[in-house]
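Participant: Sharing a structure, written as structure tokens. Questions coming.
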Amino acid sequence: MPHDLLTLPKPKTLGEFVRARRMVLGLSQLQLSKLIGGDASKVSRIEAGSLEHKLRQSVHKLAKALKVDVQTLIDFVIK
């Protein structure tokens, strides 16, 4: 059952945002995992914050290696 984003606590992390947004859309972890090409455990790890640190490290390392700031990489992905 979809939730109203306004009734959920304001997300403080990427994982909390993913969970809140998934709930607003009325998706289960399994349904979201199928949409992103993974399994439910991947969504669970994202929501728990287990992958956030690895992702952050990878983005920072990539930006450093390419001698650009992180925002440049993010802007490119968002285009």
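The values are calculated or read from the model by the stated rules, or taken from the named source; none is laboratory data. Values in this document were obtained by computation on a predicted structure and should not be read as measured data. No Cβ is skipped: glycine too gets one built from the backbone with ideal geometry, and neighbour counts run over all protein chains shown.
Participant: Filter segment 14-34 for residues that are at pLDDT 85 or above and within 13 Å of the chain's Cα centre (by Cα) and give the result.
Facilitator: Matches in segment 14-34: 15, 16, 17, 18, 19, 20, 21, 22, 29, 32, 33.
Participant: A further question follows. List every residue pair whose Cβ atoms sit under 8 Å apart, with the two residues 6 or more apart in sequence or on different chains, where the first one lies in segment 49-68 and is surrounded by 11 or more Cβ atoms within 10 Å (Cβ to Cβ) and the second, anywhere, is not in a helix (DSSP H, G or I) and not basic (Lys, Arg).
Facilitator: Pairs found: 49/13; 52/13; 63/69.
Participant: Now a separate question. I'm trying to understand the selection: among the residues of segment 16-30, which are surrounded by fewer than 14 Cβ atoms within 10 Å (Cβ to Cβ) and not hydrophobic (A, V, I, L, M, F, W, C)?
Facilitator: Passing the criteria: 26, 28.
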